[in-house]
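Below: the structure, in structure tokens.
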Amino acid sequence: DLDVFLRRYRVDFFLLERRAPLVAKLLAARSGFAPVSVDQRFLLFAREALVGKRPELPIHTLDAMVRVESGLLLQPEDDTRRLESEATRLAKTWPENHLAQASIVNAELAQGRTEDALARSRSLAGRHRRAPIYPYLEGVALERLGRSGEAVQAFASARRREPDFHPAYPALAEALARGENTAAALQTMEEYSRRRRFRLTPSEHLLSLIHI
């Protein structure tokens, strides 16, 4: 039990894998701990009493960051300014933090800064040749700029990098359909359907990342 453990031992920090069962307990209200750093694998919690004088340290947009990582775009109710600020702090600490970098691109997209999002995602896609999230976000930006032909290439690149990165499939199919390549669009969605069979939906995957 967490309360028993904390009464027995003086612990100020927890560094945990994001799937660790203890994560959900520490994220719960009144746990006494706040997340202060996160990347694609780990979460760092600090005792709230230690960060009380550093209001910039606690991460308030963790849910949005995890949604972004799963390929879900931001919603109108998300605080994109705070998300960008918190993600920028994390990226400065460790530039290879894909969770933070993708969150910055998403914040730029949500704020209508599409050219900035395109430049950043394209640069990140070139530096990180295995990460599918960056060419995917590049494709989203290109679509919003009306450059569907280039978007097809970007979404296809995301799919090649990680065939199980599901958001790339409907995005690629829509871009193909806009270019009147309906046969390729149908083939893409058929492959998407096969790959999703017996797999979690993005929402189910999100819940598993937060609560498992």
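The values are calculated or read from the model by the stated rules, or taken from the named source; none is laboratory data. Please read all numbers here as calculations on a predicted model, not as lab measurements. Here the Cβ positions follow ideal geometry from the backbone for every residue, glycine too, while neighbour counts run over all protein chains shown. Just the protein is used for accessible areas: all its heavy atoms, side chains included, with ligands, DNA and RNA removed. Shrake-Rupley method; radii C 1.70, N 1.55, O 1.52, S 1.80 Å.
Each Lys or Arg adds one and each Asp or Glu subtracts one; over the other residues with Cβ under 11 Å from the Cβ of ALA100, this totals -3.
The charge dipole of the chain, taken about its Cα centre with unit charges on the Cβ of Lys, Arg, Asp and Glu (plus for the first two, minus for the last two), comes to roughly 620 debye.
To the nearest 0.05, what FRET efficiency results for GLU48 and GLU191 with a Förster distance of 45 Å applied to their C-beta separation? Approximately 0.45, to the nearest 0.05. Local charge for LEU6 was computed over the other residues whose Cβ lies under 11 Å away, with Lys and Arg +1 and Asp and Glu -1, and equals +2. Shown for the range 51-210 is the translational diffusion coefficient from the Stokes-Einstein equation, using the Kirkwood radius over Cα pairs, a temperature of 37 °C and a viscosity of 0.692 mPa s: 203 µm²/s.
With contacts taken as Cα pairs under 8 Å and at least 6 residues apart, the range 32-93 reaches a relative contact order of 27 percent.
The 1.4 Å probe gives accessible areas that order MET189, MET65, largest first, as MET189, MET65. When you restrict to C-alpha pairs under 8 Å that are six or more residues apart and normalise by the size of the chain, the relative contact order lands at 17 percent. Per-residue ellipticity at 222 nm, computed for the chain from helices alone with -39500 (n - 2.57) per DSSP H run of at least four residues, works out to -18000 deg cm²/dmol. Sparsely packed loop sites in the range 1-80 (the GluC sites (Glu not before Pro) outside DSSP H, G, I, E and B with at most 13 other Cβ atoms within 10 Å) comprise GLU56, GLU77. Sorted largest first by accessible area at a 1.4 angstrom probe radius, with every protein chain in place, the residues PHE14, PHE45 fall in the order PHE14, PHE45. ASP79 sits with roughly 80 Å² accessible to a 1.4 Å probe, with DNA, RNA and ligands left out of the calculation. Close amide H partners of SER37, meaning residues 5 or more places away or on another chain with modelled amide H under 5 Å apart, are LEU44. Which net charge results when you count Lys and Arg as +1 and Asp and Glu as -1 among the other residues whose beta-carbon is under 13 Å from that of LEU74? Charge balance in the 13 Å sphere: -3. What a 1.4 Å probe finds exposed on the chain is 51% carbon and sulfur by accessible area, rounded to a whole percent.
Ordered by packing density, taken as the mean number of other Cβ atoms within 10 Å over each peptide's residues, highest first, how do 36-42, 103-109 rank?
So the order, starting with the most tightly packed, is 103-109, 36-42.
Excluding ligands, DNA and RNA, the accessible surface per residue across the chain is 55 Å² with a 1.4 Å probe.
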